[in-house]
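Please treat every number below as a calculation from the coordinates, not as lab data. Everything numeric here is computed off the predicted structure, so don't read it as measured data. Cβ placement follows ideal geometry from the backbone for every residue including glycine, while neighbour counts extend to all protein chains displayed.
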Amino acid sequence: MKEINVGIITFHRAVNYGAVLQTYALQKALEKINVRSEVIDYRDNIIENRFKFFYNKSLKRFVRDLLYYPVFSSKNKKFEFFLKNYIKTTDKIYTNNEQLKTLQDFDKYITGSDQVWNYKLTKWDKAYFLNFVKDNYKKCSYAASFGLNEIPSKEKDEYVKLLSQFNQISVRESKGAEIVYSLLKRRVMVDLDPTLLLDKKEWSSIAKIPKEKDYILVFVMQKNDTTFKFAEELAKKKNCDIVYISDSLKRRVKAKYKYSVSPDEWLGYFLNAKYIITNSFHGLAFSINLNKDFFIELQREPATGNSRLENMLDTFNLRERLIVNAKNDNVDKKIDWNKVNKKMEECRQASMSNLKKICFDLEEE
């Protein structure tokens, strides 16, 4: 196979563990198939401003930012360090579509993973649909997510216009494949999140292991009292401490609070945990990939991300790990990791095969 260069566009600068680690993982997966890649250092205002202090805020939010500034400032620096040391980006920074149009030298362009096709999240930033790439042959996605259960009628024409220009389309969830088919009548690949393309040994190689042992790790995107109640009851039953990765100054659960955790420290806390409680997509993905006893609660309305959580649970036949009304009847039941890992390896091989197809235009086997 000829050597090719791939340009990746994703949310690599989001101060978000899943976003940064999936970016790292996609580059490492491309390395495995002898593809050189660079993450396009695109800094769009929408994603950038989500993590700026005092930006367009009410007085209440301004005061909150003052209180949280030390925590967020420290965390931002740690993410910048990880990005600089673990992810290869373009030398040039791009801040708008006109600048991106000068970037036509890559053999292929990949958008994804993450919710790059969530028009609400990006405020319809077309760069994540590769509209700056002149040659449609070069336009590809890998495990791209809509982050939506359906596309509103008024947005469908724009999605059809943008997605119909893609050479290869790979999405992260079966719901995403259904959306593409409803729009284009086109069957597309459904692939693993990039973080699942790397195994436990590969993640362990960059993790910083904490000193804490025999703890229950809590990592949640949506803070629900039922989640914390379940965590406290499990801690009592299993005689464990709770470690809570959070940037919130409000004490919601009796735990050791860990603030400003870096991506490699975050990995270490997952690796060293005895149990994990989460409602995060990447919290779930890493729990499964690292073979950790976990429990998950679906997010409450108006959250739109439950389909991706349920999709992953169904893929590995793990719905029995769901927390419902602060309870789970399987806290003493062990997960059959042999069965899970066998399925994971099957999915991993299929997704790596699809990644090769995307990069090298290989025919279906």
Query raised in the report: For labels at Lys237 and Lys201 in the simple 7 Å Cα→Cβ model, what's the distance in nm?
Result: 3.5
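Can you figure out the FRET efficiency of Met352 with Arg186, using R₀ = 30 Å and their beta-carbon distance, to the nearest 0.05? Spell out each step's value before the answer.
Numbers: r = 22 Å, r/R0 = 0.75.
The pair Met352/Arg186 has a calculated efficiency of 0.85.
Return the Rg/Rh ratio of the chain with Cα-based radii and a Kirkwood Rh.
Rg divided by Rh gives 0.95.
Please order Thr195, Thr122, Thr10 by the number of other Cβ within 10 Å, starting at the fewest. Before the final figure, lay out the partial values.
Numbers: Thr195 23, Thr122 19, Thr10 26.
Least to most surrounded, the residues fall as Thr122, Thr195, Thr10.
Report, in listed order, any pair from Lys84/Lys185; Lys126/Lys200; Lys77/Lys201; Lys126/Lys175 with a Cα-Cα distance greater than 29 Å. Can you show the working numbers first?
Numbers: Lys84/Lys185 41 Å; Lys126/Lys200 35 Å; Lys77/Lys201 27 Å; Lys126/Lys175 21 Å.
Violating the 29 Å limit, Cα to Cα: Lys84/Lys185; Lys126/Lys200.
Taking the number of other C-beta atoms within 10 Å as the exposure measure, put Asp91, Asp44, Asp241, Asp314 in order starting with the fewest. Don't skip to the end; give the middle numbers.
On the way: Asp91 6, Asp44 20, Asp241 14, Asp314 11.
Least to most surrounded, the residues fall as Asp91, Asp314, Asp241, Asp44.
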Query raised in the report: Lys84 label point, 7 Å along Cα→Cβ, cut-off 19 Å on backbone N: hits in region 6-25?
Result: 12-16, 20-21, 24
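Ratio of alpha-carbon Rg to the 2.2 N^0.38 Å globular estimate for region 217-299, to two decimals, please.
Details: Rg = 11.6 Å, N = 83, 2.2 N^0.38 = 11.8 Å.
Ratio of Cα Rg to 2.2 N^0.38 Å: 0.98.
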Requested in this report: Could you line up Asp107, Asp199 from fewest to most neighbouring Cβ atoms inside 10 Å?
Outcome: Asp199, Asp107
Report task. Set the Förster distance to 51 Å, then compute FRET efficiency between Lys254 and Asp91 from the Cβ-Cβ distance, nearest 0.05. Result -> 0.60
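Expected output is a single nm value to one decimal: the length gained when fully extending between Lys343 and Lys327, i.e. 0.36 nm times separation in residues minus the C-alpha distance. What is it?
Residue separation times 0.36 nm, minus the Cα-Cα distance, leaves 3.0 nm.
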**Report entry** Inter-label distance for Leu67 and Val160, nm, one decimal - labels placed 7 Å from Cα along Cα-to-Cβ
**Finding:** 4.9
Query raised in the report: Placing +1 at every Lys and Arg Cβ and -1 at every Asp and Glu Cβ, with all other atoms neutral, what dipole size does region 1-45 have around its Cα centre, in debye to the nearest 20?
Result: 100
Report task. Go through Lys213/Lys254; Lys101/Lys154; Lys161/Lys357 and tell me which ones have a Cα-Cα distance over 21 Å in this structure. Result -> Lys101/Lys154; Lys161/Lys357
Report summary line: Once both label points are put 7 Å beyond Cα along the C-beta direction, the Ala303-Glu320 separation in nm becomes 2.3
